[in-house]
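Encoded as structure tokens, here's the structure I'll be asking about.
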Amino acid sequence: MPQKTHTISELARAFDITTRTIRFYEEKGLLNPQRVGQQRRYTDADRVRLTLIQRGKRIGMSLQESQAIIEMYDPAQGNVEQLERLLDNVNARKQQLHAQMQDLKQMLTELDDVEKRCQQALNIVNKKDDN
């Protein structure tokens with residue numbers, strides 16, 4: 001039974017990305033479509049890879065990180081190395097986001113302080129103008 005394939009346009013619509021993005025992933029070696037004449041034909045495996053690439057992007061992974069993890073796929077070994085690498089990346093990303101969140105909280109506190117000082121200064125100026 002022949003394997004179902006997808007055109008670049010079908011994948012672009014399904015993933016709400018441009019065909020140019022898909023071609024970029026192909027240039028980077030993330031996707032490897034079959035060629036039928038001039039037309040690219042993507043397999044279900046390519047579709048899964050595209051799903052994983054998009055998921056990696058959503059959680060802040062680089063394309064290189066996603067590619068490295070995807071290429072570690074080894075069901076014969078239970079994907080242990082792949083899962084461990086992914087957990088390492090997830091934990092590193094969480095640490096980075098927590099640090100950014102602390103920085104943002106500090107910035108908000110400082111902005112509140114600047115806003116308060118500006119309001120106090122304006123109140124003083126306005127009281128002088130009233131006199």
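Looking at this structure, is ASN79 more than 21 Å from THR5 (Cα to Cα) and surrounded by 12 or more Cβ atoms within 10 Å (Cβ to Cβ)? Reasoning before the result, please.
Details: more than 21 Å from THR5 (Cα to Cα): yes; surrounded by 12 or more Cβ atoms within 10 Å (Cβ to Cβ): yes.
Here the answer is yes, as ASN79 does meet what is asked.
Kindly check whether there is at least one residue in the stretch 55-62 that is surrounded by 14 or more Cβ atoms within 10 Å (Cβ to Cβ), modelled with pLDDT under 95 and over 19 Å from LYS94 (Cβ atoms).
No, because not a single residue in the stretch 55-62 is surrounded by 14 or more Cβ atoms within 10 Å (Cβ to Cβ), modelled with pLDDT under 95 and over 19 Å from LYS94 (Cβ atoms).
Let me ask something else about it. I'm trying to understand the selection: among the residues of the stretch 64-86, which are within 10 Å of the chain's Cα centre (by Cα) and either in the same structural domain as ALA14 (by TED's automatic domain parsing) or outside any helix (DSSP H, G or I) (or both)?
First pass over the stretch 64-86, keeping only residues within 10 Å of the chain's Cα centre (by Cα): 66.
The answer is none; no residue qualifies.
With the structure loaded, tell me whether ALA45 is of a type in the set (A, V, I, L, M) and loosely packed, with under 14 Cβ neighbours inside 10 Å or whether it fails that test.
yes
Hey, among ARG40, ARG23, which residue is part of a strand (DSSP E or B), under 30 Å from LYS4 (Cα atoms) and in contact with a helix residue (DSSP H, G or I) (Cβ under 8 Å, 6 or more places away or on another chain)?
Of the residues listed, the single one that is part of a strand (DSSP E or B), under 30 Å from LYS4 (Cα atoms) and in contact with a helix residue (DSSP H, G or I) (Cβ under 8 Å, 6 or more places away or on another chain) is ARG40.
Can you give me the number of residues within the stretch 8-63 that are more than 19 Å from the chain's Cα centre (by Cα) and of a type in the set (A, V, I, L, M, F, W, C)? It would help to see each step written out before you state the result.
Just the residues of the stretch 8-63 that are more than 19 Å from the chain's Cα centre (by Cα), to begin with: 8-10, 32-45.
Keeping just the survivors that are of a type in the set (A, V, I, L, M, F, W, C) gives 8, 36, 45.
Qualifying residue count, the stretch 8-63: 3.
Let me ask you something else. Check whether at least one residue in the stretch 50-68 is among the acidic types (Asp, Glu) and either in contact with a Lys or Arg (Cβ under 7 Å, 6 or more places away or on another chain) or more than 27 Å from PHE15 (Cβ to Cβ) (or both), and report yes or no.
Let us first name the residues in the stretch 50-68 that are among the acidic types (Asp, Glu), namely 65.
Then drop every residue that is not either in contact with a Lys or Arg (Cβ under 7 Å, 6 or more places away or on another chain) or more than 27 Å from PHE15 (Cβ to Cβ) (or both), which leaves none.
Looking for residues that are among the acidic types (Asp, Glu) and either in contact with a Lys or Arg (Cβ under 7 Å, 6 or more places away or on another chain) or more than 27 Å from PHE15 (Cβ to Cβ) (or both), one finds none in the stretch 50-68, hence no.
The values are calculated or read from the model by the stated rules, or taken from the named source; none is laboratory data. Note that the structure is a prediction, hence the values are computed from the model and not measured. A quick note on method: Cβ atoms are made from the backbone with ideal geometry, for glycine too, and the neighbour counts reach across all protein chains shown.
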